[in-house]
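Worksheet: the structure to be examined is printed underneath.
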Amino acid sequence: MPVQFGCQTYTWQMSYDRYKNSFAEILDTIQKSGFSGVEAEVCMLGSFYEDPGLLQEALGNRGLKLAALTLALPWLHPEETEEEAAEAERLLDYLDHFPQAKLILVQLPGSDRSNLDERRHNALQCINAVAKRASGRGIICAFHPNSPPGSVFLTEADYAVMFAGLDTRYVGYCPDSGHIANGGMEVLDIFRAHASLIRHVHFKDISLGRQWRAMGEGVIDHPGITAFLRESGYDGWIMVEEESEQAEADPDRAAVQNGRYMQEALR
C-alpha cells in the first residue's frame, strides 16, 4: 500500500460546541478536500458512536476510510481508573467493526509540568496497559505526544523517557510534526531516529515563532518528511490537521486549503 492521506478532525474540535453534532458534514468536507480517510476523537462522532454501522455506511457513501480513532484520557494514576478502563473498552469494542483502523492514544495535558517523573511514569503504565489489550484484539496502537505547556511529553528529554518507557511489543509511535517542532526539536531528526516505531503520522505546520499555521505556510519541510517516509518503506496514513486561529474560525475552509496543499506538494 502507498502512503495515504487523511484528515484529522481536531481542526473542527477546536470549535466543539459548533461542530459536536456535525460529523456527517465534516465527512463531506473531508471528501471534497481530496483526502482518502478520517481520524477523529470519539467526542466528534456524535450519534455515529452509538452504532458502528452508521459510520460504515457514511464512510462508504463518500468513498472514505476510517484511518484511526483517538482515545484521549488523563491517565494520572499508576493504573487506569474504572472510568478510563471502561472508555477504552468501549472504543476497542467499536474498533472491532473497523479492522483496518488504528487506535491512537493521547494523554490529555495538565495545567503545568509539576511532578513530572511521576506523571510520565503513570501515563506510560496506562498507555502500555491499553495497548496490550488492543494488541490482543488485533488492533494496532500508536502513542501521540502533544505540546501544550502542561504536556509531560514535550521536550527532547521527555521524549527520551517516553521512548524508553513505551512497551513496543504493543504500542508504536505516532509522530506529530507540529508538536515536535513546538517542543524545540528538529522534526526530521525525530522521524529518522524512530522510523522503525512509526505506525501513524500527523502533519501540521508552525511558524518560526511557534504559532500554528496552515500547511505550507510554516517552517516545517513536510515534502521532505513525506519523501523520507516513502523511502523508509512507511505504508500507513499521514493525517493532516490545522490548529491556527484561522482554522478555528473556519475549519471547513482550512480543510479545503490543506487538501489542496496535500494534492500539490505531498501526493
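Return the total of residues in region 199-212 being of a type outside the set (A, V, I, L, M, F, W, C) and either buried (at least 22 other Cβ atoms within 10 Å of the Cβ) or in contact with a helix residue (DSSP H, G or I) (Cβ under 8 Å, 6 or more places away or on another chain) (or both). The number of residues fulfilling the criteria is 5. When the test is whether a residue is charged (D, E, K, R), buried (at least 21 other Cβ atoms within 10 Å of the Cβ) and either closer than 24 Å to Gln31 by Cβ or touching a residue at least 40 places away in the same chain (Cβ under 8 Å) (or both), Glu248 does not pass it.
Can you go through Leu76, Leu124, Leu92 and tell me which one is aliphatic (A, V, I, L, M), touching a helix residue (DSSP H, G or I) at 6+ places or on another chain (Cβ under 9 Å) and closer than 23 Å to His194 by Cα? The unique qualifying residue is Leu124.
For region 219-241, the set of residues classified as small (Gly, Ala, Ser), touching a helix residue (DSSP H, G or I) at 6+ places or on another chain (Cβ under 8 Å) and not in a helix (DSSP H, G or I) consists of Ser232 only. Evaluation of Asn115 against the conditions (1) out of contact with any Phe, Trp or Tyr (no Cβ under 6 Å at 6 or more places or on another chain); (2) at positive phi; (3) surrounded by 14 or more Cβ atoms within 10 Å (Cβ to Cβ) shows that the sole unmet condition is (3).
For region 150-200, the candidate set comprises residues that are part of a helix (DSSP H, G or I) and of a type in the set (Asp, Glu); within that set, the residue that is nearest to Leu76 (Cα to Cα) is Asp158. If you check Gln263, Gln257 for being loosely packed, with under 14 Cβ neighbours inside 10 Å, touching a residue at least 12 places away in the same chain (Cβ under 8 Å) and either polar (S, T, N, Q) or in a helix (DSSP H, G or I) (or both), only one passes: Gln263.
For (1) free of Cβ contacts under 8 Å to residues at least 40 places away in the same chain; (2) within 24 Å of Lys204 (Cα to Cα), each residue gets a yes or a no:
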{"site": "Cys7", "(1), (2)": "no, yes"}
{"site": "Val38", "(1), (2)": "yes, yes"}
{"site": "Leu45", "(1), (2)": "yes, yes"}
{"site": "Phe48", "(1), (2)": "yes, no"}
{"site": "Ala58", "(1), (2)": "yes, no"}
{"site": "Thr70", "(1), (2)": "no, yes"}
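The rows are residues; the columns are (1) in contact (Cβ under 8 Å) with a residue 40 or more places away in the chain; (2) on the phi < 0 side of the Ramachandran plot; (3) small (Gly, Ala, Ser); (4) surrounded by 15 or more Cβ atoms within 10 Å (Cβ to Cβ).
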{"residue": "Asp17", "(1), (2), (3), (4)": "no, yes, no, no"}
{"residue": "Gln31", "(1), (2), (3), (4)": "no, yes, no, yes"}
{"residue": "Gly53", "(1), (2), (3), (4)": "yes, yes, yes, no"}
{"residue": "Leu76", "(1), (2), (3), (4)": "yes, yes, no, yes"}
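If I ask for residues that are touching a Phe, Trp or Tyr at 6+ places or on another chain (Cβ under 6 Å), assigned to a helix (DSSP H, G or I) and closer than 15 Å to Leu95 by Cα, which ones from region 20-77 would you list? Val42, Phe48, Pro52, Leu54, Leu55, listed by residue number.
Just so you know, all these numbers are worked out from the coordinates, no wet-lab data involved. Nothing here was measured: the structure is a model prediction, and the numbers come from that model. So basically every Cβ, Gly included, is an ideal-geometry build from the backbone, and we count neighbours across all protein chains shown.
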